[in-house]
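Presented below is the structure to which this report refers.
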Amino acid sequence: MTGKPEPVGARHLLFALAEQSPEEWPLLSGGGRISAELLAELRALVVARTGYAPLKSEDMAAWQALLAGPTTPPPSPAERTPLLSDSPATVDELGRKPLADALAARLVRLQRDEAASAQPKAVMVHLHGPWGSGKSSLVRFLEDTLKAQDPPWLVVEFNAWRNARVKPPWWNMLTEFKRALDRRLPWWRRRWLDLRWAWVSPSVENVYMVAGGLLALAAAAFAGSTITGVIEKWQGTLGGIITATGVAISFLRAPMLGGRRAAESFDALRTDSFRPFITLFDMLVTECPCPVLIVLDDLDRCDAGTVTDLLEGIQTLFRGQPVVFLAVADRYWITASFAQRFSLFEDGGDKARPVGDLFLDKMFQVSVTIPALPVAVKRAYLGRLLGAAETDLPEEARLPETAVRHEEIQAAIAAAPEEQRPALRAQAVARLSTAAADKVVEHRLLR
C-alpha cells in the first residue's frame, strides 16, 4: 500500500487468507464450508488488533480501505469526443465576449469621433493571434455587439482568402460592401443605388446590351430595305451618331469601368483612373444609414501579394470615409508579407525594427492581441469536450469598486484565487475600456 518494500507480518498473512472466497477454503471437520460472514469477522478482527498497536510506518487508512473490501471499478467511458467545426463559435465558452464588448465600445467612440471631424478618415484596426487562437469567434461576438447598437452597424464580412484569385483584391471587397448594403436598404433605395452604381461603373454586359438594342431597333426600322439602302439612310440620320457613341462606349468605357478586368487595368495604370472606384466607395458610405465595419478575415492565409495589395488599396483609395476596417490576421504574416514586398529596403533604415513592422505601425491605429486562455478556462472547456463531471467555470467574483487605476486592478486580480481571475480579468477589460479610463492614461502620459 505504501509502494515501498515492507516486512510481511502474521496480520498480513491472516488478512490475505481471509480475503479468499469460502470455496477456496478446505472443508470443515463436519463436511461444511466456512461462511463469508465469518471471514469478514476475521478481517475486521485483524484490522482491530492492528489498530491497537500499529507499527511506526503503519497506514491505518490503508487497512480500513482493505477492510471495505474490493470494489468493482466503474466501466470506463467510451473513448470518443464530438466532432467540432472550424466555424466561428456562437456560444462564448472561452470568455471572449467581454473583450469583444470592450473592443466594440472603443470602435464606436473612434467612429463617432471621425464622423464628427472636419476631415473624417477610416479607422484601421488589427486583431492579432496565431492560427486557431479564436480570432474569427471573437469577431463574431464583436459583430453581435455592434449590430445591437442604436443604430445597428452594417457589418461587411470579406474573406480575403476566398477572394485571393481576384486581382486587385479590393475590387471584390467593394462589391461585397454593395451586396451587404443592398440587404439593409428598402427596395426603392436599392434600385436608385443600382442606377447610380451603373452610371459610375457600368458593366460590360449592360453596355453591350444597350448597343445590341440600338442595332436591333435600327434593323427593325429599316426592315425590307437592302443592305446598301440601310447603310445610306443610317449614315444620314442621327442614328449614325448613336451607333458610333454606343460602339465607343462598348469598346472604351466598358472595359475601363467594368468589373474585375477594369480594376486590374486601373491597378496597372496607377493614375487618377482610380477616381471612379473612390466615388463608388464614397457613394456606398453616403447611402448607408449607419456606421460600417468591414472585416478582412483570413488575411494570414493569403500570399504576400494579396496581403499587401489589399491593405495598400484600402490605405490609398478608401481612407476618406469614417469606416472601420478590421484586419484579422497573425501580425507576423503581415510583417513578413511587407518585408517580402519591400525586401529592397531591408538593408537600410532601422536595424532594430524590420520594414514589415514599420508598415504595420503606420497602417493600423488600434492593435488588439487575442489573450492567452487561463488554466481554469482551459480546464472547464476541455472538461466539457471530454464529458467530465466538473465542467463549469468557477463562480464569478467581482472587482472592488475602489479599484479604478491600472495598478489597483492588477493588484486585485493577483490577490484573488486562480479560479476567480478569468472573471476578474473580463471585468477589468470592460472597466479599462471606458472614456474615463482613457483620460486617466492621457494625464499620466502627459506627466
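Taking 19 Å as the cut-off for C-alpha to C-alpha distance, list the pairs among LYS147/LYS167; LYS97/LYS135; LYS147/LYS439; LYS97/LYS378; LYS121/LYS439; LYS178/LYS362 that go past it.
Violating the 19 Å limit, Cα to Cα: LYS147/LYS167; LYS147/LYS439; LYS121/LYS439; LYS178/LYS362.
Each of VAL47 and ASP59 was given a label point 7 Å from its Cα along the Cα-to-Cβ line. The distance between the two points is 1.5 nm.
Approximating the spin labels as points 7 Å out from Cα along Cα→Cβ, the SER85-to-LEU344 distance works out to 4.7 nm.
Entry note, the stretch 375-446: relative contact order of 27 percent, from Cα contacts under 8 Å with a spacing of 6+ residues. Other residues within the sphere of radius under 14 Å centred on the Cβ of LYS121, judged by their own Cβ, net out at 0 (K and R +1, D and E -1).
Cβ neighbours within 10 Å, averaged per peptide: list 127-133, 149-155, 423-429 in order, most packed at the top.
423-429, 127-133, 149-155
Residue exposure proxy: HIS406, HIS126, ordered by other Cβ atoms within 10 angstrom of their Cβ from fewest to most, comes out as HIS406, HIS126. Please report the spacing between the Cα centers of the stretch 425-445 and the stretch 145-199 in Å, no decimals. Their Cα centres are 34 Å away from one another. When GLU23, GLU408, GLU176 are arranged by Cβ crowding within 10 Å, least crowded first, meaning fewest neighbours, the order is GLU23, GLU408, GLU176. Computed on the stretch 10-67, with alpha-carbon pairs under 8 angstrom and 6+ residues apart, the relative contact order is 32 percent. Put simply, when 303-309, 431-437 are sorted by average Cβ atoms within 10 angstrom per residue, most first, you get 303-309, 431-437. Each of GLY383, LEU446, ALA428 was placed along the dipole of the stretch 375-446 (beta-carbon charges, centred on the mean Cα), and the one lying farthest toward the positive end is LEU446. Under a crude label model (7 Å from the Cα following the beta-carbon direction), how far is ARG109 from VAL375 in nanometres? Calculated label separation equals 3.5 nm. Shape class for the stretch 375-446, computed from the alpha carbon gyration tensor (a ≥ b ≥ c): prolate, with a/c not under 1.5 and a/b above b/c.
Placing +1 on the Cβ of every Lys and Arg and -1 on the Cβ of every Asp and Glu, with no other charges, gives the stretch 10-67 a dipole of roughly 200 debye about its Cα centre.
FYI, it's all coordinate maths here, none of it is from the lab. The structure presented is a predicted model; accordingly, all values stated were derived computationally and were not measured. Reconstructed Cβ throughout: ideal geometry from the backbone, glycine too, with neighbour counts over all protein chains shown.
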